[in-house]
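Everything on this sheet refers to the single structure shown next.
Values quoted throughout were computed directly from the atomic coordinates according to the rules given, and no laboratory measurement underlies them. This is a predicted model, so every value here is computed, not measured. A quick note on method: Cβ atoms are made from the backbone with ideal geometry, for glycine too, and the neighbour counts reach across all protein chains shown.
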């Protein structure tokens, strides 16, 4: 008999357990919890179960349908890979944080349409993600964690306000979809855009990922922004605003991914671009587009986690994963670098690798005159990422010249996790039909049809030749250890300064009002005391005595008149 | 340390050339459905690819020129 | 034991606790055992009373009848039972923590401190179970007089000035505003009893209703509606256990309950409709003051000052909910009082533990303490999240219903103010908690060689668990409190 338990709860229960376990048992526990959750997902038929009544509202803790099943399977497979990956280092707090993050995200997936539970679970996932960043020993991790917490806090409050307003207007469950133009819908939409890394809020992902540990980066790339994609697909399908937003994310992501020296940040930007692709598809809203979103989200989760795991191995070896530092590492760590290249090819959508089938589905969905620019952006993205996430690092990894001195070695568990990630990147790419079968409207197209295959390999071939030529002739900037400013420089600089200035002015106004009130109350107290002392000598011929007499007479007159009336 | 930029480019260049040739050949040889716009016509993918590569190079140059921070970062990433 | 006996016991036991502690002042072990064991007894009776109320038991105890239709009476009803359970349960944790604190810091006159904290609990329970305005007035005066020695406990000049201000604000407002308002209500309605649905509805003309509401809200200065909030700032001179008692368990919550009872049981929906102008003005004042308090908290480096303003902001949220008067608003107010008590108690106990064990009282000095005091700072972080209103912690559901109820009556701007106050609360609590957990462990953090004792840490951890409780019990609480906003036939 299928158990009516939200699979995410299994992960949440495992989180405190992991804190108490010895090192050797933690990775198997993570993997076992993920396996148990996956078993719960696959062992149930679609439908609603686990009803509870909270605050006068009936909610279901488990709602399984084709949409959340796809996302759930991807997340849980990724968690198993991360479980293997974490065996390469010792950090019980990070293990618990990863399980909390994963548990919150998976729980949010499977509460379906119930907004309040979704908000609670998504916020828990956000707290878990914050903890993952804080658990890193990167010197800048605490400040990055605080910045991440600000974004998460803002998102949680938008969720709370939106859910409250939705509760008043429409009740707890979302029947079909939410109107982004309504007040409640607007708040929820804003919160989900922050979660998904939309422009203006796109900086948190690269900030968090580049300061997290290798395992933390893989977990953050899988369990954070992708929940936003899921929720947008569920609550805002065919929302027209998502198309330009998605296009902007593709442009911003591709721009920064091309220029970043830190490959982990570059990968995060690439993920932003792919998430933008998903958002644009949600905006298109046709059956094919929504099916393509689900498939593409699945492959994003797997491929980018694999990429971050591969980069994490490089971090373990060199101390960092900057293009300027990785020269010659391919000879020192061949397996890790091979996994990195495989993941890069998956992310670029090379035929035979994970994202190729879903990218072709996305291209098919956008292949209309009205959405031709989106189609162009999708195509261009694939070519850009092939150049910057495959060719560019490969040229350095396998380049001539002495290798950087290694300061460590990638642990067996980390290499194992990377290899498994690379395996899935290949498996999905070579046999995508099982993934297509999971999507709600089955994708019936064949990704290996000659025209699609031809177009993609022609695209990548031309991009490669052009990029290599420009690279060899020095048109691509020489690799240097630079950091690039993004909008967060604006937030941390002028915006924070403006906020501080407003706060200082407000506090000065408050302080002045407070001092004035204190002066007034002191004077009033003094005057009252003086009057009391005067009234204490009623027989002394003073003005106060006369005033007292007049007041008394007046009171008597008023009472008499009132009595008459 | 200044290293040669062309060292590992050779094999990748050959691979990309093979991909380009294969793609163009397959595109013209196979029975292709009518394109919905000029960008989807046979041969256009090569132009898009080259344009994308140019975008990547221009982006990198622009970003380094306008947005690069001063000095080199020296903090290591977390290795735990 | 029946319901009536339970009601009497819950009111008398804290007084007995005070007497017992004073009698067993030495040796310290006996004093602490007496204090904690009697707190256990109070918690047990509170649970019994809560259980009886949940099963529909009713009880009324009349101690005196000074005027026709005016009793000094206490009645068993859901709101009072809920508050009693919170005071009893959190009071037990507080008792354990106080025992640990006075031992760790060698606080002067610990028996006197504990005795007056017990007396304030008794008075707060009296406010919660008061059956009418007169009883509530008497209980409020007693509460003020019982809490005043806590403010003056340290005995120095600053404490003396603080105590005088505390007394002046609370007594002057209740005698100058609450008492005339009570007399005026008696003149209009002929009764002072608390009744679901209110007693003033339709009886008072709009001018009188508006004036009465203003006099009541400002007269209950314990609710700290500005400008009657100055006692809160003055009382920070008190020792840490006393602050926990006043802000989280007794004075401030009693003020919120007082405003709740006036809004729900004296005015009711129809009465507040008559006092529309004053209601709207007070909602504006509460909402704006919430934001200002949260902003001012951001500027305070002293942790106790910062937490005082935080508690003020949360109390004003409860007042705002009560003034909405619709069932959702009253439910939000009740949830907010519950969340305030749980999270404020945890935060104040945690800051007390930190001050006792490390000597650190400034927000900036908390960085990295979580590495050496993980349980305490984890509790601090969870309670902060609840104060902010982050799901899934207790405070989030209170904020959710505050926003929902505000917008359902067309006061969307009030909902926006609640959200803004939450953001500002996040700004002054979030980074502090985060830096505490994530910063580098400070060398030589402890001023005591044996670190924090179990007595100081366990209550913080259990208090943090309580902040999660609302997620599970909110629905049951909603059913339990339904009679509060269901008018009598």
If you take the alpha carbon radius of gyration of region C:212-343 and divide it by 2.2 N^0.38 Å, what ratio comes out, to two decimals?
1.00
Over region A:358-493, the quotient of the Cα radius of gyration and 2.2 N^0.38 Å is 1.37
With angles folded into 0 to 90 degrees, how steeply does helix C:28-54 sit against the dominant principal axis of chain C? Use alpha carbons for both and round to 10.
40 degrees
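Quick check: from the Cα gyration tensor, does region C:1-92 come out rounded (a/c under 1.5), prolate or oblate?
oblate
Which of C:393, C:446 has the fewest other C-beta atoms within 10 Å, and how do the rest follow up to the most?
C:446, C:393
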Counting only helical runs of four or more DSSP H residues, what would the 222 nm mean residue ellipticity of chain A come to if each run contributes -39,500 (n - 2.57) and the total is spread over all its residues?
-24000 deg cm²/dmol
Cβ neighbours within 10 Å from other chains - mean over C:404-415
3
Segments A:154-166, A:496-508 sorted - mean Cβ within 10 Å per residue, highest first
A:154-166, A:496-508
Pairs of Cα atoms under 8 Å, at least six residues apart: use those to get the relative contact order of region C:3-485, whole percent.
15 percent
Solution diffusion estimate, µm²/s, Stokes-Einstein, region B:9-67, Kirkwood Rh from C-alpha pairs, 4 °C, viscosity 1.567 mPa s:
96 µm²/s
Burial-style ranking of C:336-342, A:110-116, C:204-210, average other-beta-carbon count within 10 Å with highest first, yields C:336-342, A:110-116, C:204-210
When Cβ neighbours within 10 Å are restricted to other protein chains, what is their mean count per residue of peptide C:426-432?
4
Shielding by partners for A:109-119, please: the mean number of other protein chain Cβ atoms within 10 Å of each residue's Cβ.
1
Hydrodynamic radius by Kirkwood for region C:18-167, inverse mean 1/r across distinct Cα pairs, in Å, is 16.6 Å
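Let me have the 222 nm mean residue ellipticity of chain C computed from DSSP H runs of 4+ only, each contributing -39500 (n - 2.57), with the sum over all residues rounded to the nearest 500.
-24500 deg cm²/dmol
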Least to most buried among C:397, A:39, A:204, A:151, by other C-beta atoms within 10 Å and fewest first, runs A:39, A:151, A:204, C:397
Highest mean first, how do C:190-202, A:129-141 rank when packing is the count of other Cβ atoms within 10 Å averaged over residues?
A:129-141, C:190-202
Which angle between 0 and 90 degrees, to the nearest 10, do you get for helix C:454-485 versus the longest principal axis of chain C when only C-alpha atoms count?
20 degrees
Please report, largest first and rounded to whole Å, the three semi-axes of the ellipsoid equivalent to region A:87-182, where each semi-axis is the square root of five times an eigenvalue of the C-alpha gyration tensor.
31, 16, 8
No solvent, one uniform scatterer per C-alpha: report log10 I(q)/I(0) for chain C via the Debye equation at q = 0.11 1/Å, two decimals.
-0.82
Any chance you could give the angle, 0 to 90 degrees and rounded to 10, that helix A:242-259 forms with the longest Cα principal axis of chain A?
70 degrees
What percentages make up the Cα-Cα pair-distance distribution of region A:255-369 when the bins are 5 Å wide from 0?
2, 12, 21, 21, 17, 12, 7, 5, 3, 1
In Å, the Kirkwood estimate of hydrodynamic radius for the protein assembly as shown over Cα pairs equals 31.8 Å
With viscosity set to 1.002 mPa s at 20 °C, what whole-number translational diffusion coefficient in µm²/s follows for region C:330-489 from Stokes-Einstein and a Kirkwood radius over Cα pairs?
128 µm²/s
With no solvent and one point on each alpha carbon, what is the Debye value of log10 I(q)/I(0) for chain A at q = 0.13 Å⁻¹?
-1.32
